[in-house]
Amino acid sequence: MDAIQNAPEAVLTGTYHWGLVILSYIVAVFASLTATYLVGCIKGCNQCNKKYWILSLAFTMGGGIWSMHFIGMLAFKLPLPVSYDLPITVLSLFISIIGAGCAIFAIHGKEFNKERIYFGSLVLGIGISSMHYTGMQAMIVPATMYFKFGWVGLSIIIAMTASWAALAVITRFGNQPETKGFPLKFAGSSLLGLGITGMHYTGMTAIHFVPNPILDSPLSIQVNQGFLAVSVSIITLAILGIGISAAIAQAKIRTLESMNSVLEQKVSDRTRELNEKNRELDQALSQAIEYASLVQKGFLPVEAPKFSGFALSAKTTPARMVGGDFYDFIPLGNNRLGILLGDVSGKGVKAALYMAKLVSEFRYLSQNCHEPDMIMNEMNQRLYERSENGTFATAIFGLLDMKKNTLCISNAGHPGLLVKEEDNIIYEKAKAHGPPLGILPDFKFSKEEIPLKSGQLIFAYTDGVTEPQNSRKDQFGKKGLQHFLSQSEDEPGKLINQLERTINEFVSTIESHDDLTCLALKVS
């Protein structure tokens, strides 16, 4: 570098692109703001992670100052071709980052104090000045650079002052609550941006260029301004991204910490209360379920009736202690028997109590009317008028006439009956004659009469028999049920027990989610 006193008179006059000048200031502000947020992370993190935050802060400050510097360099225009030496350009970036890193390591500790800030500002100021003038040496231009040492000294003083301001701002406002601290952080970062850019443009004022064609060196490793502009833009965007991410992360962390603190206090205050309430609720629920179970069992037959030439059996196994499946055998006199099987929508206590009401209604109606379709019509209308929250039920009601050897069936939305003949032929009869009970008012159900023959097995079931799944998500299904019936020759009671064991083996450890109910009639 030559002193300005020795400079020839032909000094080149440079100009500035003001858009890039403003951009350099914006980069400086956002780099400062990002550094302010990262200091809060350093203060709040544990010791094992602190070094990573320090490195992040060093790269943010150093990279931000370097980006501002080279955007400012691009803003400076000379009436001569200008390019940049790539190794020196990269070296200036490392100098900026290392300077920032050394300053952060110098000031960090259990507490940020004035002595550390003064020493750190000295280190950072030297780093910024070194980066600036190293970056100036990266310029490849056919001209000689002359320096006004008074302006050079002033730029270094500004660098030191700006460094002190930077460290004071980020250590003072880095831990402020987000709602109160952001205006202070932004205001401090804006002033700090003025200091950083002021140092750069003061340093640029300290340099004069005099044309010297001899200095043109085409063999130098160069990077043109277009490539440099793209590189600096990418770095600038990265810094802005870091700033935005840090702001969002910091705000979320502090919000969550505040919420967690409040919630932990509330949880601590209420845990004992809730545990006591839970015990009371568990006890009340157990009593309610036990009561519902007793009610349900009270409405189901203790055992199937016995008649000459006919063997009957039925069983229900709720998925929980209580369920919504039901069956009944209703004596109607004159060797006639009402047979009922159905499924209430829903599970648990509500379904069990609703099921009890249905069984009671069926018993009452069947005493006055023996036609299955007429009973279904009346039940459908009653349920529609009294149904709560869309509750409905599927049901099969059959009239077994042991004199005529017939079974007359009306089916409301329920799976049909499976009939097994003596030669193991299995087919389905009495498919649904209408929708479930309680859905469509005034619907008229039909009936179907099945002639009974010796050796026949009539099997009725709920969807809890066919819908269980194994670990491969395969359903037991109607085919599985038909296969089981084709292989079994047991009387109804044993057959139903064996079917339940077969289904349990099929699902293995998978928990059942539906009640399992079936009814069998064997004609002998």
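Values quoted throughout were computed directly from the atomic coordinates according to the rules given, and no laboratory measurement underlies them. As the structure is a computational prediction, the values presented were derived from the model and not from experiment. Here the Cβ is made from the backbone with ideal geometry for all residues, glycine too, and neighbour counts use every protein chain on show.
Each label point was placed 7 Å from the Cα along the Cα-to-Cβ direction; for GLU257 and SER508 their separation is 5.0 nm.
Order of ASP515, ASP325 from fewest to most other C-beta atoms within 10 Å? Spell out each step's value before the answer.
Values: ASP515 25, ASP325 29.
The order, fewest Cβ neighbours first, is ASP515, ASP325.
For GLY438, nonlocal amide neighbours, meaning residues 5 or more places apart or on other chains whose placed amide H falls under 5 Å from its own, are TYR384. State the Cα centre-to-centre distance between segment 326-367 and segment 391-453 in whole Å. Their Cα centres are 15 Å away from one another. Taking packing as the residue-averaged number of other Cβ atoms within 10 angstrom, the listed peptides 350-360, 471-481 run from highest to lowest as 350-360, 471-481. Short-range pairs are left out: with C-alpha atoms under 8 Å and at least six residues apart, the relative contact order of segment 300-523 is 24 percent. Residues SER130, SER268, SER67, SER446, arranged from fewest to most other Cβ atoms within 10 angstrom of their Cβ, appear as SER268, SER446, SER130, SER67. Computed 3J(HN,Hα) for segment 400-410, one whole-Hz value per residue from the Karplus formula 6.51 cos²θ - 1.76 cosθ + 1.60 where θ = phi - 60°, is 8, 9, 7, 7, 7, 6, 10, 10, 9, 10, 10, glycine and proline marked x.
Sorting 300-310, 426-436, 117-127 by their mean Cβ neighbour count within 10 Å, with the most densely packed peptide first, gives 117-127, 426-436, 300-310. On the basis of the beta-carbon distance and an R0 of 41 Å, ILE426 and TYR384 show a calculated FRET efficiency of 0.70.
Determine the alpha carbon to alpha carbon distance for each of LYS404/LYS479; LYS447/LYS479; LYS350/LYS403 and list only those over 30 Å. Violating the 30 Å limit, Cα to Cα: LYS404/LYS479; LYS350/LYS403.
Here each label is just a point 7 Å from Cα along the line to Cβ, and for LEU12 and GLU273 those points are 7.8 nm apart.
Counted by neighbouring Cβ atoms within 10 Å, the residues SER155, SER163, SER488 run from fewest to most as SER488, SER155, SER163.
For segment 375-524, the calculated P(r) over all alpha carbon pairs, in 10 Å bins from 0 to the bin holding the longest distance, is 10, 35, 33, 19, 2 percent. Extension gain for the segment GLU467 to SER446, taken as residue separation times 0.36 nm less the Cα-Cα distance, is 4.8 nm to one decimal. A cut-off of 5 Å between modelled amide H atoms, ignoring neighbours fewer than 5 places along the same chain, links GLY346 with no other residue.
Between PHE119 and SER454, the contour length at 0.36 nm per residue exceeds the alpha carbon distance by 109.8 nm.
Using Cβ point charges alone (K and R +1, D and E -1), the dipole size of segment 366-524 about the Cα centre works out to roughly 220 debye.
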